[in-house]
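Just so you know, all these numbers are worked out from the coordinates, no wet-lab data involved. Quantities reported herein were computed from a predicted structural model and do not represent experimental measurements. Here the Cβ is made from the backbone with ideal geometry for all residues, glycine too, and neighbour counts use every protein chain on show.
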């Protein structure tokens, strides 16, 4: 009986260990991170299309205010959301050390001026003696050099005094233009360095939106084009806007270009920091479904050339699907794909060799636009 109980205990223990191992394996599989992929949205240009990109509203002028000299903050008479006038005090540093520097520079200037007067008087006396043939030429040259050196010392001391006075004036930070305080990043009694942000000032009546446009669409955007902007906070309104800036170089992350859109009219309902969507219109072309893609996005095996496209499931994730394609020539803009890609496909542009058909992946920025 004891032997049977012992075998039964071993069997139960083994079953429990197996169940625990399977549960741990399942949990590890469920919690394993998805492989991130970089994608680009395909726009074939077969017809006129509209594309919408997300951004955030910002003030027409966004100034980061900082001191030009280091010191300890003794005044900070502003608060977030406060409206300020041009020239109004934003913050002030302890001016004691800078006042001492001004006094020291003023004393040095006075000393230099006194010395210069002495050397000039000596030069005048030696010159008179030289004219009466009672002094040598070398004595005259030495007196002249001393007088010129004294004047140079006065000029340097005067410049030093002007510099210290400027540094004293820099201990008071004033608003360069009228606007609203968007943020305050310091406190009273805090030591700050030159250039350290003290506050952010939003100015300008007409706000803007900056969006990131993928490289395959940037050629269809020009300054002056009309754009329609919608705001999540005001879903029932559509705001007309105009493209004011188009980035000449890709962002640090690559594959996207910054584009600035400015609202046509000022509206008090639009505030900086609102989530916005800008809709761009792209003209139709006769290129059919021909598109240029990065060469790394296309690979080949025994079945032919193919790419991977992402089928989105939930926010920021999806599954990759193999798609056979027909390719053309390699150009400076990329590899020409003659067929196999449809308008709106999310094409995997990097890491193709490390994924397989049906694998779940995570989009780098959750929107299908390469970061």
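May I ask you to sort 215, 208 by Cβ crowding, counting other Cβ atoms within 10 Å and putting the fewest first?
Details: 215 18, 208 24.
Starting with the residue having the fewest Cβ neighbours, the order is 215, 208.
Just rank 271, 360, fewest to most, by other beta-carbon atoms within 10 angstrom. If you can, show how the numbers build up before the last one.
On the way: 271 16, 360 13.
Fewest-to-most ranking of 271, 360: 360, 271.
Using the 10 angstrom Cβ neighbour count as an exposure proxy, how do 314, 226 rank, fewest first? Each step should come with its number before you reach the end.
Details: 314 7, 226 13.
If I rank by nearby Cβ atoms, fewest first, I get 314, 226.
Mind jotting down the distance between the C-alpha centroids of the stretch 75-150 and the stretch 200-259, whole Å?
Each part reduced to its Cα centre gives a spacing of 53 Å.
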